[in-house]
Structures are given as structure tokens and as C-alpha cells.
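Enquirer: Have a look at this one before I ask anything.
The values are calculated or read from the model by the stated rules, or taken from the named source; none is laboratory data. All figures in this text were calculated on a predicted structure; none of them were measured in a lab. Cβ: placed from backbone, ideal geometry, glycine included. Neighbour counts: every protein chain shown. In case anyone asks, the SASA skips ligands and DNA or RNA and just uses the protein heavy atoms, side chains included. Shrake-Rupley method; radii C 1.70, N 1.55, O 1.52, S 1.80 Å.
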Amino acid sequence: MDFNVKKLASGAGLFFTRAVQYTGEKLGQAEKTELDAHFENLMSRADCTKNWTEKIYRQTEILLQPNPIDHTGARIEEFLYEKFDMKAPSRDTNSELLGQYMEGAAQEFGPGTPYGNTLMIVGDYEKRLGAAEREFIQTSAISFLTPLRNFLDGDWRTISKERRLLENLRLDLDACKARLKKAKMAEAKAVLWTEEVEKAEQDLRLAQTEFDRQAEVTRLLLEGISSTQVNHLRCLHEFVEAQAAYYKQCHLHMQELQKELGRLPNAFTLNSTHSVVHPDSAAEGGSSSPVDTDTLKIEEVQAPATGTRKAKVLYDYDAADSSELSLLADELITVYTVPGMDSDWLIGERGNQKGKVPVTYLELLS
């Protein structure tokens, strides 16, 4: 108990002494050993690297896991696995869960119904998107997040520890300088013996040696920040590659899904089984007759005198049969509609080529 009290009193006394010394430095009443400009620049660069690395790390975590606090308790579970140094189990992504719910609903509503069948198809592609997202998260965590975290939890902690030690030695050095100065002034007034001055000089030399040694150690660690940034640059390239591959895969999945949906009968819009009234039959007062645009010969379709428009192709499209027109992204084509045609499709022309094209693949310009 006595030892703890003495230790506590010693710590409190040191804290008070440091506070007085800092105050004196701020007021210009105490000497302060200044580090050279190169060293100060290294410390400033290190602080800048740490601050921005921390921000990038946190925001990347948010990007990869936008809502970690949910009803599943994911955040608590991950915290426990991390504390026990265990690998967290793989968890379904939101897209995968949505796909599972859609497939479950389709079974309840009936897979043979238009809505149930569409739910099954969309649900399958949502699960594919979710699998791609999970792979992207895992790849990014390994190649990008882990190196950033290792720097913050490892290298930066070591640098911070050595900098604190250097600052303490700097304060000890300045205190020795102050004591020597005071001893010399007292010696000049014949108040102190020469031995006291010699002891103060010896303490100063020892403090200077320890300070110089620690400054060299700290300087080497700070200079290592350059190699850290080189490593993070490589990791950043890997993150971008993973992100590009993920978005490309998602784009391909959505293109395939659009093609699948484009081939399904549309229950809530005008489709190919609806009838069209021909001018001749209307004039004769006859009944309308159905026109099946799927069996309509595309080469016989003529562009109307008015009503044609220009359209920009958004995505590549491979024709399913001879009645359709294959498309290339970013090309311009002429489009128009014919009576009785499904509203999800248009007739597209490119030079002397003609065929049906899906509206969802186009951006109408005029």
C-alpha cells in the first residue's frame, strides 16, 4: 500500500512538473529544444497519413456494409468474433435475402402465374447479384481494408508510442538544461560547489544522448511512412479492380434479366394478341381482326410518314430470332411503332437492317 501511494505521488508530481514546464514553454519562459525542419515535416506528413487513412478506412467500411446495425445483431456478433479472434461466418447479403423472399412468394402465389414466374426469375438474379456483392466485400476486405487497419492498429501505434517517448525525453533534456543554467548562475554567486555543476552537466550529457538515440529511432519510423503509402497505393489498385469487376458482373446480370423479362408476356400492357382495326374493314363496317406481330414479316413493315424517332442504344442486345435487331451500346438508330405492337417493343432501323428492339435498351432522343 505504501508503495502504491508513493508511486501515485511520484506520478502526480511528474505530471505537475510537466504541466509547469509546458506552461513555461507556451509563455516563452522556459527553454524548448526544437526539432529540425526535416523531422517536423516527417511528423506532419505522418499525422496527415494517419488522419486520412482512418477516414478512408471508416468510409470504406460503410460502403461495404452500409447498415451494420440491424435486427440480426450483426455488429454485436462481429465484435464478439473479433474479440475471440475467430472468423465470422458468412452471412447472406441483402440482395440474396430479397431473392429468397421473392422465390418464397412465387411458390405461394404459384410459379405458373405471370407474377409468380416473374418473381422466380427476378429472385434468381437478385441472388446472383448478392453473391457477387459478397465476393466483392470479401475481396475488398482482404486486399484493401486489412492493410489499412494493420497500419492504424500496428505501425501507427508503434510510431505514436515512440513519439510520446521522444517528447518525454525532450522534456527531460530541457529540464536538465534549465538545472545546469541555474547551477552555473548559483556557482557564479558562490552559492553552489563546482561538483554540483559537474553533476548537472553529466545529467545533461546523459539526457542529450538518450534524446538523440530516441530521435533517430523515431525518425526511421516516420520515414517508413513513404513505404506504407506505396503499399497502400498497390492495395488501392486492387480495390478498384475488384470494384470494377463487381459492377461489370452486376451489369451483365441486369442485362440478362432484362432480356428474360423482355421475352415474357406483359399482362398489364397491350400485347401481340390484341386486335387491330384495318382502315378497309372499318370503312366496310366489318369486325376487327387480330394481327400477331410475332408472325408479322419484318421486311414488310414500312416506316410511317411521321412518328419516327431517333434513339440511343444503352446496352448491347443480341437478337433472339430473325424478327429482332441486334444492338450495340451507344449507337443511334431510328425507331417507330406499328399498330397492335407490344408497348415494350419498337421497330428499329439501322441502314437497311430492320427488326424489333426492346424499349428498355433505348434512350429516345426525339
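Enquirer: Does residue 169 qualify as being on the phi < 0 side of the Ramachandran plot, out of contact with any Gly (no Cβ under 7 Å at 6 or more places or on another chain), open to solvent by 60 Å² or more (accessible area, probe 1.4 Å) and aliphatic (A, V, I, L, M)?
Expert: no
Enquirer: A follow-up question, please. Any residue in region 298-309 that is closer than 22 Å to residue 121 by Cβ and either at pLDDT below 75 or outside the structural domain of residue 357 (by the TED database) (or both)?
Expert: No: zero hits.
Enquirer: Sticking with this structure for a sec: Going residue by residue through region 146-156, is there one that turns out to be in a helix (DSSP H, G or I), open to solvent by 40 Å² or more (accessible area, probe 1.4 Å), more than 21 Å from residue 239 (Cα to Cα) and at pLDDT 90 or above? Outline the logic, then answer.
Expert: The initial filter retains those residues of region 146-156 that are in a helix (DSSP H, G or I), namely 146-156.
Cutting the leftovers down to open to solvent by 40 Å² or more (accessible area, probe 1.4 Å) gives us 146, 149-150, 153, 155.
Narrowing the set further to residues that are more than 21 Å from residue 239 (Cα to Cα) leaves 155.
Next, from what is left, pick out any that are at pLDDT 90 or above: 155.
Within region 146-156 (the criterion being in a helix (DSSP H, G or I), open to solvent by 40 Å² or more (accessible area, probe 1.4 Å), more than 21 Å from residue 239 (Cα to Cα) and at pLDDT 90 or above), the answer is yes, since at least one residue qualifies.
Enquirer: Can we say residue 95 is open to solvent by less than 90 Å² (accessible area, probe 1.4 Å) and either at pLDDT below 90 or closer than 22 Å to residue 260 by Cα (or both)?
Expert: Numbers: open to solvent by less than 90 Å² (accessible area, probe 1.4 Å): yes; either at pLDDT below 90 or closer than 22 Å to residue 260 by Cα (or both): yes.
In short, yes.
Enquirer: Count, please, the residues in region 308-366 that happen to be touching a Phe, Trp or Tyr at 6+ places or on another chain (Cβ under 9 Å), surrounded by fewer than 20 Cβ atoms within 10 Å (Cβ to Cβ), among the charged types (D, E, K, R) and not in a loop (DSSP other than H, G, I, E, B).
Expert: 3
Enquirer: Let me ask something additional. Going residue by residue through region 336-350, is there one that turns out to be hydroxyl-bearing (Ser, Thr, Tyr) and in contact with a strand residue (DSSP E or B) (Cβ under 9 Å, 6 or more places away or on another chain)? Write out each step before concluding.
Expert: Initially, region 336-350 is screened for residues hydroxyl-bearing (Ser, Thr, Tyr), giving 336-337, 343.
Right, trim to in contact with a strand residue (DSSP E or B) (Cβ under 9 Å, 6 or more places away or on another chain) and you get 336-337.
Yes - at least one qualifying residue is present in region 336-350.
Enquirer: Let me ask another. Consider region 103-124. How many of its residues are open to solvent by less than 40 Å² (accessible area, probe 1.4 Å) and over 27 Å from the mean Cα position of the chain (by Cα)?
Expert: 7
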